[in-house]
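One structure below.
The values are calculated or read from the model by the stated rules, or taken from the named source; none is laboratory data. Predicted model only: the values in this text are computed from it and were never measured. Cβ placement follows ideal geometry from the backbone for every residue including glycine, while neighbour counts extend to all protein chains displayed. Accessible surface is based on the protein model in full, side chains and every heavy atom, while ligands, DNA and RNA are left aside. Shrake-Rupley method; radii C 1.70, N 1.55, O 1.52, S 1.80 Å.
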Amino acid sequence: MKADNQEVLSDVFIEIAGKFAFMFGEKVGQDELPDADDDDLIRAHLDFKGQLTGTLDIAVPIMMCRELAGNVLGLADEELTPDASKDAIKELLNVTCGNLLTALAGEEAVFEVCAPEAAVITVTDWKDMSGNEDTLFFNVDENPVLLRLSIESGEDQ
Amino acid sequence: MALNILIVDDSGTVRAVIKKTLGISGIPINELYEAGNGKEAIDVLADAWVDLILADLNMPIMGGVEMIEKLSEDGILKKIPIIVISTEGSQTRIEELKSKGVRAFIRKPFTPEIIKNVIEDITGALDEG
């Protein structure tokens, strides 16, 4: 991923984490990432196409999803439904993507953004994503977050 | 005038946030209906009178654009004002939607103040009309 796209992605995600999820995020190096080895983990994914075509993925501990859902809905943890956490991380990814594509391509570009999907992942999956050169690392309220933008076409070479 | 409002979004979290935001905003609400996609919304509209539709665009089964187009084909349903609430940022797409009858566009993430102001503008225009 181009360095300027990384910077845009980082700025947009931190802004959306604050405005949508009321969570404080900062980009960190992989060696500064909070530990995730003992956590249950989840990854959300979506595809987009248009002037730019590609994918956006986010991976977080499931506990962070519960915190996210609680913040967004204004509910205590015990009040959350089983689907609320997964729904919340999908929506965080969705809102991040919409704002990201405008930041990258401008307000005139039209995109088709597919509905996000989310699934539990293993520590191995987490490590694989961590090893991808396009993956960015964030500390969001002391939670580890992996974020990866992959542009398959439309990006200037 | 207390409103019957239909919220159309495939995310249960977003529907809950919009409901909560409407409550905070002070907009007078009579009934709140929910639908997870455009097809469910049309099914709701077959049985209930709605004063205002708040709709997302990117939804499975039937998306917001297709729903808006279908509503525009019905002599009665086309009169219901629609506010799109979406991550969409394209001015081209927004202008296209407005040409299909969408009254306003709110971009996610939104605040209660934004929703309140937009709904008041729309419903104020309804009261005058």
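With θ set to phi - 60°, apply the Karplus curve 6.51 cos²θ - 1.76 cosθ + 1.60 along the range B:35-43 and write out the HN-Hα couplings as whole Hz, x wherever there is a Gly or Pro.
8, x, 6, x, 5, 4, 5, 5, 4
Using only the alpha-carbon atoms, what does the range A:60-157 span along each of its principal axes? Please give whole angstrom values in decreasing order.
48, 32, 22
For the range A:125-138, just list the computed ³J(HN,Hα) in residue order, Karplus coefficients 6.51, -1.76 and 1.60, θ = phi - 60°, integers in Hz, with x standing in for Gly and Pro.
Working through the residues one at a time gives 4, 4, 5, 4, 5, 4, x, 6, 5, 8, 7, 9, 10, 9 Hz.
If only Cα atoms are counted, what is the Rg of the range A:1-130, and what is its Dmax, in Å?
My reading of the Cα-based Rg and Dmax gives 14.9, 44 Å.
Across peptide A:19-31, what mean number of C-beta atoms from other chains lies inside 10 Å of a residue's C-beta?
Per-residue shielding by partner chains comes out at 1.
What total accessible surface area, summed over both chains, is buried at the interface between chains B and A, computed with a 1.4 Å probe and given in Å² to the nearest 100?
1700
How big is the Cα convex hull of the range B:1-65 in projection, averaged over all directions, in nm²?
Mean projected area for the range B:1-65: 4.1 nm², to one decimal.
How well do other chains shield peptide A:68-75, expressed as the mean number of their Cβ atoms within 10 Å of each residue Cβ?
Mean partner shielding for this stretch: 3.
Mind checking the per residue accessible area of the range A:92-139 for me, 1.4 Å probe, whole number of Å²?
Ligands and nucleic acids excluded, the figure is 41 Å² per residue.
When you look at the Cβ of every residue in B:109-120, what mean number of other chain Cβ atoms sits within 10 Å?
1
Express the accessible area of the range B:56-129 per residue in Å², computed with a 1.4 Å probe while the remaining protein chains stay in the model.
48
In degrees from 0 to 90, rounded to the nearest 10, what is the angle of the helix A:62-73 Cα long axis to the longest principal axis of chain A?
80
Is there a quick way to get the dipole size of the range B:1-111? I mean about its Cα centre, with the Cβ of Lys and Arg at +1 and of Asp and Glu at -1; what is the value in debye to the nearest 20?
400
What is the set of long-range amide H partners of residue B:85 at a cut-off below 5 Å, with H atoms built 1.01 Å from backbone N?
The answer is B:55, B:56, B:106.
Would you kindly derive the ³J(HN,Hα) couplings of the range A:96-110 from the backbone phi angles with the Karplus curve 6.51 cos²θ - 1.76 cosθ + 1.60 (θ = phi - 60°), listing them in order in whole Hz, with x for Gly and Pro?
Taking θ as phi minus 60°, the curve returns 4, 5, x, 6, 5, 5, 5, 5, 7, 10, x, 7, 8, 6, 10 Hz for the range A:96-110.
Take the Cα gyration tensor of the protein assembly as shown, multiply each eigenvalue by 5, square-root it, and list the three semi-axes largest first, rounded to whole angstrom.
After scaling each eigenvalue by five and taking roots: 34, 21, 16 Å.
In whole angstrom, and with the biggest value first, how far do the Cα coordinates of the range B:63-129 range along each principal axis?
In descending order, the Cα extents are 33, 30, 17 Å.
Taking Cα centroids, how far is the range A:94-136 from the range A:55-86 in Å?
17
Could you tell me what percent of the accessible area of the protein assembly as shown is made up of carbon and sulfur, with a 1.4 Å probe and every protein chain present?
Summing carbon and sulfur atoms, their accessible area is 46 percent of the total for the protein assembly as shown.
If the elastic network links every pair of Cα atoms under 10 Å, which of A:98, A:131, A:54 fluctuates the most in the Gaussian network model of chain A?
For chain A, modelled as a Gaussian network with Cα springs under 10 Å, the answer is A:131.
So how tilted is helix A:3-21 from the main axis of chain A? Cα-based, degrees 0 to 90, rounded to 10.
Approximately 40 degrees, to the nearest ten.
Across the range A:1-52, how large is the tail of the calculated P(r) beyond 17 Å, expressed as a percent of all Cα pairs?
When all Cα pairs of the range A:1-52 are counted, 59 percent exceed 17 Å.
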